[in-house]
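Here the structure comes first, spelled out in structure tokens, and everything after it is commentary.
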Amino acid sequence: AVMGQNFALNMASKGFSVAVANRSPEKVDTTVERAKSEGGLPLEGFKDPKAFVESIKKPRRIIMLVMAGKPVDDTIALLSEHMEAGDVLVDGG
């Protein structure tokens, strides 16, 4: 989670609007709080996969940083339920 959190905060610090999600709700809260404490960065947290995907402008570009193996497969399956043709999902983990 630390790698994904740092990546998201770095992108937000460069002016990109960032949406984050995590299987652990407390990690979403921690990331949102860090964004606020680091200058009110443009970062929004989501605990519901559908709301997360729908919050992203189309065509969506999602970068996921998830531990290799079954967690990656599970996350791809979960997010792709809400994605459309033309959306991109990158496994950066």
Run the 1.4 Å probe and let me know the accessible area of LYS14, rounded to the nearest 10 Å². 140 Å²
Please give the per residue accessible area of the chain, computed with a probe of 1.4 Å over protein heavy atoms only, in Å². 64 Å²
Would you check the accessible area of SER80, probe 1.4 Å, heavy atoms only, in square angstrom rounded to 10? 60 Å²
Of MET67, VAL18, MET83, farthest towards positive along the dipole that unit charges on Lys, Arg, Asp, Glu beta carbons give the chain: VAL18
What ranking of ILE56, ILE63, ILE76 comes out by heavy-atom accessible area, probe 1.4 Å, highest first? ILE63, ILE76, ILE56
Using protein chains only and a probe of 1.4 angstrom, how many square angstrom of GLU81 are accessible, to the nearest 10? 130 Å²
Of every hundred units of 1.4 Å-probe accessible area on the chain, the number belonging to carbon and sulfur atoms, as a percent, is 56 percent
List nothing, just return the count: lysine pairs in the chain, 8 or more apart or interchain, with Cα separation under 25 Å. 18
Rounded, prolate or oblate: pick one for the range 1-69, where a ≥ b ≥ c are the square roots of the eigenvalues of its C-alpha gyration tensor, a/c under 1.5 means rounded, and failing that, prolate if a/b is larger than b/c, else oblate. rounded
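The values are calculated or read from the model by the stated rules, or taken from the named source; none is laboratory data. No experiment lies behind these values; they were computed from the predicted model shown. Quick reminder, even Gly has a Cβ in these numbers, built from the backbone with ideal geometry, and neighbours come from all protein chains shown. Ligands, DNA and RNA are excluded from the accessible area calculation, which covers all protein heavy atoms including side chains. Shrake-Rupley method; radii C 1.70, N 1.55, O 1.52, S 1.80 Å.
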